[in-house]
Amino acid sequence: KETVLSGIRATGNLHLGNYFGALSKFVRMQRDYDCLYFVADLHALTTNPDPEQLHRNVRSIVAEYLAAGLDPEESTLFVQSDVPEISEMYLLLNMHVGIGELMRTASFKDKARKQLGIKVDEDDENIERQIIGSDSNKRVNAGLLTYPTLMAVDILIQKAHKVPVGKDQEQHLELTRRFARRFNSFYGVELFPEPTNFDFGGKPVKVPGLDGSGKMGKSEGNCIYLIDDEKTLRKKVMRAVTDEGPKTPGQPVSPTVENLFTLLELTSTPEVVKHFRDAYADCSIRYGDLKKQLADDILAITLPIRERILDLQSDDATIGRVLRRGAEIARERASRTLAEVREVMGIRRFY
Ligand code: TYM
């Protein structure tokens, strides 16, 4: 069986972007692959979270993993920091990673831009100058820069073949492949497979926000959470941004309304989607009906998960048991890879 590995940062509750981009795929891949799924708590540190909150977030993500259908008998579930081999290999791999390629990563530039309050249209050279010149209060930390190294290590240390992630993570995967190739060829070994993304529909999804923005994201503040109760969720959907409606038959769908269709395609049946697409085409659509349908279809997915999250969230005994077992398996595998990496790099013992 091929190895599957993926993770989610411990930065808050999971939303529909995380669910359709990642978690729902994790669940569907369980049977056919050798799966490892983890909570990326070290990656969460790049934004200097409150320690108590970070700890709570790790617990809630594990609860959400289990509630969404990850089965600890079938998949290995663990916390990143429970595998210290990852941190050691992160140091080793960094010796083969260029500062330039890290600085050019889109996610780094985005985060650095936000951190320093740089405008979106600023050109790259200016961004780089501002990062280097930034004072110590408004610094862009080195962990943020080396984020892709750590992510590559998560993947490579388990020798994963498939990494189910959303579209926004594809550049990180591309870097992972590059680092794997570079390492293999530098030492003349075939240690790491080159991992690829995976999606059942073929192409990876980008779940849009309901505010007309292209992406649902925690920092965007436009999320529908798995833990949202019915009232909150309906309110969010009914408030989704639309337009004035089609004026002439066959008119192209505006980007904001297309977002609603994208969500409907993820949550509903092809017949329902066709019904509303046809209604749009002949100008008979009522956005209120579309939103009500969308809310119903989302709730059909999220409400059962929500119930289970609420049960699991306070069940530290179950969570502890799952994570202890997961850490053992993940460490065992990671330590084998780390031993190989140390050996080929010449980090060897004399005793
Ligand atoms: P994170 O925590 O930002 O997001 C977790 C997963 O959710 C997906 N996602 C989305 N997919 C589609 N549409 C959206 N609007 C949307 N928002 C989030 C992300 O693509 C991701 O799959 N760097 C990773 C965590 C990580 C990781 C790894 C993943 C660390 N090490 C090793 C895979 C393998 C991240 O920040 O994901």
**OP:** Have a look at E190, E230, E220, E244 and point out the one that is acidic (D, E) and surrounded by 14 or more Cβ atoms within 10 Å (Cβ to Cβ).
**Re:** E220
Subject >> Candidate set: segment 29-49, residues that are farther than 14 Å from P72 by Cα and in a helix (DSSP H, G or I); chosen: the one nearest to the ligand (Cβ to nearest atom) >> reply: H43
Original post:
Has segment 2-16 got any residue that is closer than 25 Å to K114 by Cβ and more than 10 Å from the ligand (Cβ to nearest atom)?
Top reply: yes
**OP:** Out of V140, V153, V120, report the one residue that is under 25 Å from the mean Cα position of the chain (by Cα) and either among the small types (G, A, S) or at pLDDT 95 or above (or both).
**Re:** V153
Original post:
So, in segment 165-215, of the ones that are at pLDDT 95 or above and of a type in the set (F, W, Y), which residue ends up nearest to the chain's Cα centre (by Cα)?
Top reply: F179
Original post:
Name the pairs: first residue in segment 206-219 and in a helix (DSSP H, G or I), second residue more than 10 Å from the ligand (Cβ to nearest atom), Cβ to Cβ under 9 Å, at least 6 apart or on different chains?
Top reply: K218/N13; S219/K114
Subject >> Sole exception among (1) out of contact with any Lys or Arg (no Cβ under 9 Å at 6 or more places or on another chain); (2) of a type outside the set (G, A, S); (3) within 12 Å of the ligand (Cβ to nearest atom) for I61, by number >> reply: (1)
**OP:** Test G7 against the stated conditions and say whether it is closer than 30 Å to V237 by Cα, surrounded by fewer than 21 Cβ atoms within 10 Å (Cβ to Cβ) and within 13 Å of the chain's Cα centre (by Cα).
**Re:** no
Original post:
Looking at segment 238-351, what helices (runs of 4 or more DSSP H) fall wholly within it and have at least 3 residues that are among the basic types (K, R) and touching a residue at least 12 places away in the same chain (Cβ under 8 Å)?
Top reply: 287-313, 316-345
**OP:** Could you pull out the residue among Y65, Y90 that is aromatic (F, W, Y) and over 27 Å from Y225 (Cβ atoms)?
**Re:** Y90
**OP:** From the list E271, E265, pick out the single residue that is closer than 18 Å to V237 by Cβ and charged (D, E, K, R).
**Re:** E265
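The values are calculated or read from the model by the stated rules, or taken from the named source; none is laboratory data. Computed from a predicted structure; not experimentally measured. Every residue, glycine as well, gets a Cβ built from its backbone with ideal geometry; the counts of neighbours run over all protein chains shown.
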